[in-house]
Amino acid sequence: MVNFVLHGLGFFVITTTLIQVQALDCSSNERCVCHKLNGKLWANCKHLHLATAPSFSSEVIGINLADNILSSFPTKLPVNILYLNVSKNNLVNVTEDSLASYSSLRNLSISENLLHTIELGSFKNSSNLVHLDISGNQELTLEVLANISSDLRKSTSIRVLNFEKLQCTYGVSFIVKKYHMADLKHTSLEELNLASNRINSLELGVLTELPKSLKYLNLANNVLSFGFYLLEFGTLFNVISINASFQSSFHQIRLKDFFTRCKDTQAVCANLSENEHGEMTAKKRLSLPLLTQFNVTVFLPPNLKTLYFHDNLYKMTLQNFVLKSVKAPVLSKVYFQNNIIYELNGPITGIERVVYADFSNNFCSYISPRFFQDFENLSYLDLSHNALGENLENDVEGEIFQNLFVLKFLNLTRNRIVRLPKKIFWNLKQLENLNLSFNSLNKFTVPVSHMDRLSYLDLSYNQISSMSRETRDILDAISQKNLLSVNLKGNELRCDCENLDFVKWILNSRNINFRHFDDYVCAFSNSSGIPFSDIENLLQLLEKQCSSYTLIIVITTSLTIAVLTITVSRILYRYRWKLRYMYYVARENYKINVHRPDALSNDPYHFDAFVSYADEDRTFVIGLVKHLEKEFNLRLCIHNRDFIPGTGIAENITNAIHNSRKTFCIMTSHFLDSYWCMFELNMARMEAIYSRNGENVLFLVALEKGIMKKLPLSFMDLIESKSYIEFPEGEDEDEITAFRSKLGDTIRRSV
């Protein structure tokens, strides 16, 4: 049975809250307990296995006969009785005479009996009746509404009618007709409970016939389908709460309900005309597109504050809904939990005053960035027990929650969250409670420094092993402004030297209250653990372990740096000439391509040969160069004449070698002692290897006898390949002429 907010369901509930109770004798049955409360006499004969009602003093105004075995309605009670409870008995009928003597009666409960009928006229003299509860009589059926509403049509006192579970659980569905409650429109009814009656629909016009005084309407635990009656909810001007939960719910089979005779089934089917059946089918068929239209308008009671729409089996996606009423909406609380709402697309307009929203446990996997755009006053939001992990992970710009400026409570527990982007909560400056428990977060790096009012952060039962220094500092800063509680229970907090600062932070934080601290476990690398409650042993163990570990790290780091330094130095030294050559060549190519593109031509070489020599041998070289240029018409490059002033020596050398077809070096002891001469020799060799595809463009001229034996070992390949010419020892003019001719022919063959 689904209960709703019904004021004064039983007067004996009220008596339990009163004090100054005085025990008295007021009944012929000594087991009845009598009390005088606030000057009024009350009798409690509950659960005494009474088959007939005892007699009572005329001063008794309230009698509780619940949970007995009465088979007929008691007719000899005090005539001035105000409160009567005969629920959970064996009453079968309420006749026209049952209540005739009790015209002062205000509160009557005959729920959970075996009632088959309530005759028309049973309540015709009950003009003072305020609360009537006939719930739980499954063989009455809702057809009894017609008799009761007719009897109460002139009552100005009635406030609460409880008609819950008047239909048997496993019968056919029911359609409430206008004649069932047409006479209630003249009453001052405030609460109407129609829960658990298998109501499928309401005839068009039923809601408009309800009294304007109605404040609470309960339609929970029925099988409501969508129909045109939904358009009439806007006419319930004073309704502040509607309960439409537990629709199409599965009912646990109870033998009592299973064998209850559903006498309404055949009667309803027999009385349902073909035209009515067609109208009902048409309503079902026409109402379905209401959820698939692009823009669905729902008319709400103008004073509706609370809407219960939870625990339903409707499968839906919340699309673009417009909630309207005849005045500015006042709806403040919506309960949509435990449904099957796969997506929250929206936007939903007309909910600007909503402060409380529960969308938990809905199998929801997607929230559109526009869904919450009009929830500008939302303070409490529950999205727990969904599947929003991937959706939130992809919200890198924080668009989903960006309009929730005044949100104070956010519950995202059990959403399969693996990681959260940096901006996901960037606009939640008023947040006080953030629940991310029972997810799969392995770290928490979401900025929360802007949440000055944060008082509770629940990260329990995730996979967090540590927190960064930045996050710890932010939480410390927040705790300085207000009391902050953090829950890390159920995480595998790591106990190692890298995590020592984090462990100390947890143990030494003064302003942060770590919830369930004694349940925290610090895990070691070998999968063993120690509880945080054993603080002293934990710190001693870690500090001892980390002191030796720190020394090992320092030594290992130093050795690693030393080895890397030596290795890099050896590599740089070995390839020093190659690196220098590549640098200067690249630099020259950049200058040509960018600054002097007109310098490009079909002939890539400016000189036939570059002559490398020491300044001490300049006289000999100049004479040799003049002869070769004159006799063989060659273009030779020598540094005294052809190097560009204002350009670095190394760059001039590299450019000369790179722009010459050949390079020949005048080998003397002065050459070997000159840094720049050896530089030219190495650059020429790099040119041959890396720019000329291994072509032999370097040869040596041995001007001194035995000079080739003094070359470094790295140039032995030049000696073995005989890439050198020896100058004749004597001063024989013929030999010198032959030497010059051979040298000129060698250079010219490469042209």
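Residues are listed down the side, and each one gets a yes or a no for (1) of a type outside the set (K, R); (2) open to solvent by 60 Å² or more (accessible area, probe 1.4 Å); (3) in contact (Cβ under 8 Å) with a residue 12 or more places away in the chain:
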residue	(1), (2), (3)
R618	no, yes, yes
K630	no, yes, no
I638	yes, no, yes
N655	yes, no, yes
H658	yes, no, yes
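Residue pairs whose Cβ atoms lie under 6 Å apart, separated by 6 or more positions or on different chains, with the first residue in region 539-566 and at positive phi and in a helix (DSSP H, G or I) and the second of a type in the set (G, A, S) and at pLDDT 75 or above, do not occur.
Selection over region 697-730 of residues that are open to solvent by 20 Å² or more (accessible area, probe 1.4 Å), part of a loop (DSSP other than H, G, I, E, B) and modelled with pLDDT under 75 gives a count of 3.
Can you tell me which residues in region 211-226 are open to solvent by 10 Å² or more (accessible area, probe 1.4 Å) and free of Cβ contacts under 8 Å to residues at least 40 places away in the same chain? Matches in region 211-226: K212, S213, K215, L224. Being in contact (Cβ under 8 Å) with a residue 40 or more places away in the chain and farther than 18 Å from I424 by Cβ: is that true of L500 here? Spelling it out, L500 is indeed in contact (Cβ under 8 Å) with a residue 40 or more places away in the chain and farther than 18 Å from I424 by Cβ.
Here is a yes/no grid of residues against (1) more than 17 Å from V621 (Cα to Cα); (2) touching a residue at least 60 places away in the same chain (Cβ under 8 Å):
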{"residue": "E651", "(1), (2)": "yes, yes"}
{"residue": "T663", "(1), (2)": "no, no"}
{"residue": "D673", "(1), (2)": "yes, no"}
{"residue": "A684", "(1), (2)": "yes, yes"}
{"residue": "S691", "(1), (2)": "yes, yes"}
{"residue": "E695", "(1), (2)": "yes, no"}
{"residue": "E704", "(1), (2)": "no, no"}
{"residue": "L711", "(1), (2)": "yes, no"}
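Pairs are defined by a Cβ separation below 8 Å, a sequence spacing of at least 6 or placement on different chains, a first member in region 327-356 that is under 18 Å from P369 (Cβ atoms), and a second member that is of a type in the set (K, R) and open to solvent by less than 30 Å² (accessible area, probe 1.4 Å); no pair meets this definition. Based on this model, can you work out whether S465 counts as polar (S, T, N, Q) and open to solvent by 10 Å² or more (accessible area, probe 1.4 Å)? Taking the combined requirement at face value, the residue satisfies it. On inspection, S72 qualifies as closer than 28 Å to L145 by Cα and either among the hydroxyl-bearing types (S, T, Y) or not in a loop (DSSP other than H, G, I, E, B) (or both).
Only one of the numbered conditions (1) over 26 Å from C497 (Cβ atoms); (2) within 17 Å of the chain's Cα centre (by Cα); (3) modelled with pLDDT of 95 or more is not met by V446, and that is (3). When H450 is tested against (1) more than 19 Å from S379 (Cβ to Cβ); (2) in a loop (DSSP other than H, G, I, E, B); (3) not aromatic (F, W, Y), only condition (1) is not met.
Only a single item in (1) farther than 23 Å from E164 by Cβ; (2) surrounded by fewer than 15 Cβ atoms within 10 Å (Cβ to Cβ); (3) touching a Leu at 6+ places or on another chain (Cβ under 8 Å) is not met by N80, and it is number (3).
In the set T619, T663, only one residue is assigned to a strand (DSSP E or B) and among the polar types (S, T, N, Q); that residue is T663.
For beta carbons closer than 6 Å, sequence separation of 6+ or different chains, a first residue in region 183-206 that is farther than 13 Å from V130 by Cα and a second that is basic (K, R) and open to solvent by 10 Å² or more (accessible area, probe 1.4 Å), the qualifying pairs are D183/R153; H186/R153; S196/K165; E203/K177; E203/K178; G205/K178; V206/K178.
When the test is whether a residue is closer than 30 Å to H385 by Cα, more than 19 Å from the chain's Cα centre (by Cα) and surrounded by fewer than 16 Cβ atoms within 10 Å (Cβ to Cβ), P531 passes it.
Let's see how each residue does on (1) of a type in the set (D, E); (2) open to solvent by less than 10 Å² (accessible area, probe 1.4 Å); (3) within 18 Å of T117 (Cβ to Cβ):
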residue: L132; (1), (2), (3): no, yes, yes
residue: G136; (1), (2), (3): no, no, yes
residue: S149; (1), (2), (3): no, yes, yes
residue: S157; (1), (2), (3): no, no, no
residue: F163; (1), (2), (3): no, yes, yes
residue: L166; (1), (2), (3): no, yes, yes
residue: Y170; (1), (2), (3): no, no, no
residue: V176; (1), (2), (3): no, yes, no
residue: H180; (1), (2), (3): no, yes, yes
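The values are calculated or read from the model by the stated rules, or taken from the named source; none is laboratory data. The shown structure was predicted, so the numbers you read here are calculated from the model rather than taken from an experiment. Cβ atoms come from the backbone with ideal geometry, glycine included; neighbour counts cover every protein chain shown. We work out accessible area using only protein heavy atoms, side chains counted, and drop any ligands, DNA or RNA first. Shrake-Rupley method; radii C 1.70, N 1.55, O 1.52, S 1.80 Å.
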